[in-house]
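Inspection log for the structure reproduced underneath, given as structure tokens.
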């Protein structure tokens, strides 16, 4: 019997499989299909201080081996999430939730995290400094090491929960950003968010997405994510949640060998609503084939 | 929602770009006309959402406009080709609250879900009036199928090559001013034009959107409504007239 449990900065998960924020809503649609308690955790839809509609239509485009999205952080706002969505999620998932936190200023990040700190259902704060689909006056905290460090400090000051900074791949050196977050007190790193992309409609000769650009996800980005997880594992001594194009139990093992302690599954949920369930079910077989009794043995295995 | 495998039974070309397809398999997840399915196509990451024209327990009838490479491959797939499919998606039309004099209004490929709706109405003894709009006579399809159900059918073409010259709205104003409750599906400009016809006190409008998941998880297809953001795939695709923000 393979031991699949992992620990993320002291938060115990029964396995490393976590649906990624923005691909799983608040879990309700998937709970109609399978028991969510088979998951390690799930990272619910990113939350901002105020309700947001997000971008206009169209928000979705096909891509080779993947997709573009420009949803733009649609959510009902932190107060509604805490009052309605978190109690609903507690009914369908008993483990610790991961709260993905958005923001447009240091104060907003801190205020959102302060409010979520009071929610016992939330085990980890995943601070999104990497959404490519919102325009905060040109400022993107995840693209500058100093800004990333400032957000980390502001959030750490208001919560005792583990803080994982979710990084963007749209930078020259992601390891430098990760180091800045680590030095500022982050408890872990989550990477990668989507890669900035664009599709153009040949008929209209215009970008398909109303936002013009969108975030690329799906199997197309998997090798990029593996490489960046590798880089960050070399750079910091923090637990890593690997994310980007994971579609199978084999992909989970590969991401862990690159350095991840746990793994998020994103776009695969949208194509196959049973993706995470199937990955969890296939994981013991993959571990057996690799000859490991504890899945944690895989983490960073490719660096040895 | 159900994840299942549907198998191509037959397909035939109806116009230069519209095909009729019959897929066999478990279609028990469908409960209302106006619902849709999502087919997985080879070498495409996202499934393709397609409105269901009608369904039985054992299969579905689809009317598909082959607009891109993916849908062209779909409609020309050999009999026996299997498609991984999500079935029973969306809310579909509400048949109960149909007002006094319901009218079914379809634009182009938007007539697809109205066919199943008309069949349900006729099965219940109600024979709705149907108005169908097309670009030209060469694009006309399925008119005789609605007629065969016993419905009174009016056709409008933009160039006047068949039926009334103009749009469905011109046809409704001229020929069926008494109808006051619409079931409407077609391009968004058509939906908007129909919604402001003063004779239609109420109605149900079926929307299209680019989707990723098709079952409410990703918020990729959200639109504005009077009660906030709604997902076309899960809260729709059919919305009551009073909900819609144009």
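Numerical summary
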{"item": "Set of the range B:8-32 residues, backbone N closer than 19 Å to the point 7 Å along the Cα-Cβ line of residue B:225", "result": "B:31-32"}
{"item": "Among B:98, B:32, B:224: highest mean-square fluctuation, GNM of chain B, C-alpha pairs under 10 Å", "result": "B:224"}
{"item": "Cα-based shape type of the range A:1-129, given that a ≥ b ≥ c are square roots of the gyration tensor eigenvalues and the cut on a/c is 1.5", "result": "oblate"}
{"item": "Simple label model, 7 Å out from Cα along Cβ direction - residue B:201 to residue B:240, nm", "result": "1.5 nm"}
{"item": "Computed helical MRE - 222 nm, chain B, DSSP H runs ≥ 4 contributing -39500 (n - 2.57), nearest 500", "result": "-4500 deg cm²/dmol"}
{"item": "Anisotropy class of chain A from Cα gyration tensor, a/c 1.5 cut", "result": "rounded"}
{"item": "Full-stretch length increase - residue A:35, residue A:107 - with 0.36 nm per residue and alpha-carbon distance subtracted", "result": "22.2 nm"}
{"item": "Gyration tensor (alpha-carbon) shape descriptor, the range A:59-150, a/c threshold 1.5", "result": "oblate"}
{"item": "Gaussian network model of chain B, Cα within-10 Å springs - most flexible of B:196, B:232, B:60", "result": "B:196"}
{"item": "FRET E, pair residue B:72, residue A:1, Förster distance 60 Å, beta-carbon r, rounded to 0.05", "result": "0.75"}
{"item": "Choice from B:208, B:73, B:24 showing the highest fluctuation, given a GNM over chain B with Cα pairs closer than 10 Å", "result": "B:73"}
{"item": "Share, in percent, of DSSP beta bridges within the protein assembly as shown that are antiparallel, nearest 5", "result": "55 percent"}
{"item": "Fraction of beta bridges assigned by DSSP in chain A that are antiparallel (%, nearest 5)", "result": "40 percent"}
{"item": "Antiparallel DSSP beta bridges within chain B, percent to nearest 5", "result": "60 percent"}
{"item": "Residue order, fewest to most beta carbons within 10 Å, for A:33, B:200", "result": "A:33, B:200"}
{"item": "Rounded Å value of the spacing that divides the Cα centres of the range A:196-247 and the range A:272-289", "result": "23 Å"}
{"item": "Over chain A: helical MRE at 222 nm, DSSP H runs n ≥ 4 each giving -39500 (n - 2.57), nearest 500", "result": "-8500 deg cm²/dmol"}
{"item": "C-alpha center-to-center spacing [the range B:191-215, the range B:99-155] in angstrom", "result": "16 Å"}
{"item": "Packing rank of B:115-121, A:45-51, B:238-244, A:124-130, where each peptide gets the mean count of other beta carbons within 10 Å, highest leading", "result": "A:124-130, B:115-121, A:45-51, B:238-244"}
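Values in this text are rule-based calculations from the coordinates and carry no lab data. Since the structure is predicted, the reported quantities are computational estimates derived from the model, not experimental observations. Methodologically, a virtual Cβ is constructed for each residue, glycine included, from the backbone with ideal geometry; neighbour enumeration extends over all protein chains shown.
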